[in-house]
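*Asks:* First the structure, which I've put down as C-alpha cells, then a few questions once you've had a look.
Only the coordinates and a few stated rules stand behind these numbers; no lab work does. Computed from a predicted structure; not experimentally measured. Here Cβ is always computed from backbone atoms with ideal geometry, including for glycine, and neighbour counts include all displayed protein chains.
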C-alpha cells in the first residue's frame, strides 16, 4: 500500500490504476477495503496530515520515504479513520521495522510521534487545509467561503458506488440477485449501491442494466432536456457515458471525440448497454463536417477540481498555468460548438471543475461574442445546486461530483 501512495504522491501516477494493480494480488475482501481506504485517505488528506506531523519532526523532508509514508498512514488511522490508537501505532511501527536498516533505526521515532499526535493537531478548517492555497482561493471565488469549505470537506469523504439505470426496477431486481444493497440516488435513474463483489463481477453490469455514473454527471444529461427522437451531438464524448445515457432516453446521438481509443471503448460500452451511438473521430478545435443539431452537449476537458474525491491526485499536481491552458482550450471548443447548434437549438456546456474561469466567466465571455445566443437556467434536479451567473454549480456534497453547467439557446 505504501508503494501505491509513493507512486501517486511522488511519482505522478493516478491513484485508481495504481491501486487496482496492487489490489489484483489481494484476495481477502477486508484487506482490499483497508488498503483502499488508507490509500485514498492519505492522498486526500496529505497536506493536513503533514501539517499535523510537522511540529513533532525536526526535518521531515530528510526522512526515508518508507518512514515518512508510514507516519502519514499512521496519522490518518489515528486522527481520521478511527482505528484504535494501539493498533494504528503498532502496525505502522512494524512496517518500518521490516524495512532497510536506515528505516529500522527510526522505528522508535515513528512509535513516539504516532503515540503523541492528537486530532487537535489537525489544521482547521480541515477541507481548506487539504487544498493548495491557490486552489482554495479559486473555489472561494466561485462558491463563496461557506460553500467552498463545504465542497472541500465533502470531497474528503468516500464516494458510494453510484450506478445509473434507465430501467431502475429491472436493475434493482438484478442487483438484489447479486446480493447488493440498493437505495435510490438523488436523481431519477440513479442508484446508490453496496455490492459484495467488484462492479464488473455483477450480473447487472455484465447484462447492461447499469452504468457507473455519478448523479452529477447524470444531471448534465438531464439538463439537455427532452431528447426522445432528437438529434444530439455529444462533443468531446470521451468514453461515451453521457452519450449512452442520452441514447437510452431515445436520442439519436453522434459522439465526437478525437481520441480513437476512447471511441472504441465507448463503442464497447454502448454495445454492453444495448444502445446505439454513432461516432466521429474529430479534433474539435475546428468545426466538424456535420449538420447543426437541436441539442449539443459540450462536456469540455477541464481541471477536474470537482472530482477530487475520486481523483485526489489532481489536487497535488494541478497548477494555475494548467488551468489557464485549459481555459483557452475550452473557449476554442465553445466557439466550435456554437457552429453546431441549429436555430432554436440548445447548447449545454459542462465541466467537472469548480474554478470561475472554467465556469461562469467562460460563458459570460462567450455570450458577449455571440449575441444570437441567450442563457437559460439549466434544469438540474439535484440537491446542492448554487446559481453562478449564466449557469449553476453542482456542489460536491453527499457523494456528488462538483460541476459547472450552463445552457444556451440559439435565437437566431
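*Asks:* When you take every Cα atom in region 1-107, what is the radius of gyration, and what is Dmax, the widest Cα pair distance, in Å?
*Replies:* Over region 1-107's Cα set, Rg and Dmax evaluate to 13.4, 40 Å.
*Asks:* Let me ask you something else. So, R0 is 41 Å and r is the distance between the beta-carbons of residue 276 and residue 26; what FRET efficiency does that work out to, to 0.05?
*Replies:* So, using R0 = 41 Å, E works out to roughly 0.60.
*Asks:* Treat region 259-410 as a sphere of radius equal to its Kirkwood radius over Cα pairs and apply Stokes-Einstein at 4 °C in a medium of 1.567 mPa s; give the translational diffusion coefficient in µm²/s, rounded to a whole number.
*Replies:* 78
*Asks:* Now, a different point. Within the chain, what percent of beta bridges assigned by DSSP are antiparallel, to the nearest 5?
*Replies:* Given both bridge residues lie in the chain, the antiparallel proportion sits at roughly 55 percent.
*Asks:* Looking at region 215-410, what % of its DSSP beta bridges pair antiparallel, to the nearest 5?
*Replies:* Of those bridges, close to 45 percent are antiparallel.
*Asks:* Mean separation of Cα pairs under 8 Å and 6+ residues apart, divided by the residue count of region 11-131: what relative contact order is that in percent?
*Replies:* The normalised contact order for region 11-131 reaches 28 percent.
*Asks:* Suppose we keep just the alpha-carbon trace of region 144-230; what are its Rg and Dmax in angstrom?
*Replies:* 15.0, 45
*Asks:* Just need the relative contact order of region 161-212 here, percent rounded to a whole number, with Cα pairs under 8 Å and 6+ apart.
*Replies:* It rounds to 47 percent for region 161-212.
*Asks:* While we're looking at this one, here's another question. Using the eigenvalues of the Cα gyration tensor, what equivalent ellipsoid semi-axes result for the chain when each is taken as the square root of five times the eigenvalue, whole Å, largest first?
*Replies:* So the equivalent ellipsoid measures 41, 25, 18 Å along its semi-axes.
*Asks:* Sticking with this structure for a sec: Taking the chain as a Gaussian network, Cα atoms linked when under 10 Å apart, which of 35, 351, 296 shows the biggest mean-square fluctuation?
*Replies:* Most flexible of the set in this elastic network: 35.
*Asks:* Just how many % of Cα pairs in region 300-386 lie over 23 Å apart, if you round to the nearest whole percent?
*Replies:* When all Cα pairs of region 300-386 are counted, 29 percent exceed 23 Å.
*Asks:* With Kirkwood's inverse mean 1/r over C-alpha pairs for Rh, give me the Rg to Rh ratio of region 97-189, two decimals please.
*Replies:* 1.22
*Asks:* Determine the relative contact order of the chain: mean sequence separation of Cα pairs under 8 Å and six or more apart, normalised by residue count, in whole percent.
*Replies:* Dividing the mean separation by the residue count of the chain yields 14 percent.
*Asks:* Follow-up question, since we're still on this one. Order 216-222, 100-106, 400-406 from most to least packed using the mean count of other Cβ atoms within 10 Å.
*Replies:* Highest to lowest by the protection proxy: 400-406, 216-222, 100-106.
*Asks:* Next question. With n ≥ 4 as the cut-off for DSSP H runs, can you work out [θ] at 222 nm for the chain, using -39500 (n - 2.57) per run divided by the number of residues, rounded to the nearest 500?
*Replies:* For the chain, the value works out to -13000 deg cm²/dmol.
*Asks:* Follow-up. Report, to two decimal places, the Cα Rg of region 161-212 normalised by 2.2 N^0.38 Å (N = number of residues).
*Replies:* Output field value: 0.94.
*Asks:* Can I ask one more? How far is helix 29-53 tilted, in degrees, relative to the longest principal axis of the Cα atoms in the chain, given as a value from 0 to 90 rounded to the nearest 10?
*Replies:* Value to nearest ten degrees: 80.
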